[in-house]
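One structure is given here, and the rest of the page talks about it.
A short reminder: the numbers here are calculations on the coordinates, not readings from a lab. No experiment lies behind these values; they were computed from the predicted model shown. Glycine also receives a Cβ, built like all others from the backbone with ideal geometry; neighbour counts cover every protein chain displayed.
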Amino acid sequence: MNAYKANLINSISLIVLGIWGYIEVSSVTALIPTVFGAILLACSGGIKNQNKIIAHVAVLLTLLILFALLGMRLPKSLESGGLGLFRVLAMCGTSLIAMIYFVKSFIAARKK
């Protein structure tokens, strides 16, 4: 796997799980991950072409959504449990994996 594929998986999971959360709770704030996922999906072409600026924007957005999920949404989901907790953990997991692959690609590019 590379940063492009990790970003693609992360963006699709953010979109799908965000829409699922919106359908379940009918809260507009549930669409925040969907918006981030759509922006990250739009960045995929630049990441695939190894555009440094777009890759850094994608990393910043991924880090931002990861901190938002871990810091604000996860504690609330731990209290309520259920499928909401699963969705938050899944989004955190894919975002963390994407961050790992972004860092690996940045390190590899720096070594070149």
Computed over region 1-48, Cα set: Rg, Dmax in Å: 11.5, 35
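May I ask you to derive the relative contact order of the chain, considering only C-alpha pairs under 8 Å and at least 6 residues apart, and to give it as an integer percent?
Working: 109 pairs, mean separation 37.0, N = 112.
Reported as a whole number, the value is 33 percent.
Could you tally the net charge around Met1, taking each other residue with its Cβ under 14 Å from the Cβ of Met1, Lys/Arg +1 and Asp/Glu -1?
It works out to a net charge of +3.
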Alpha-carbon centroids, region 59-112 and region 17-54: separation in whole Å: 12 Å
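Please state, as a whole number in µm²/s, the translational diffusion coefficient that the Stokes-Einstein equation yields for region 3-111 at 25 °C and 0.890 mPa s, with Rh defined as the Kirkwood radius across alpha carbon pairs.
177 µm²/s
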Max mean-square fluctuation residue, GNM over the chain, Cα-Cα springs under 10 Å, options Met72, Met99, Met91: Met72
Choice from Gly21, Gly45, Gly82 with maximal GNM fluctuation in the chain (Cα, 10 Å cutoff): Gly82
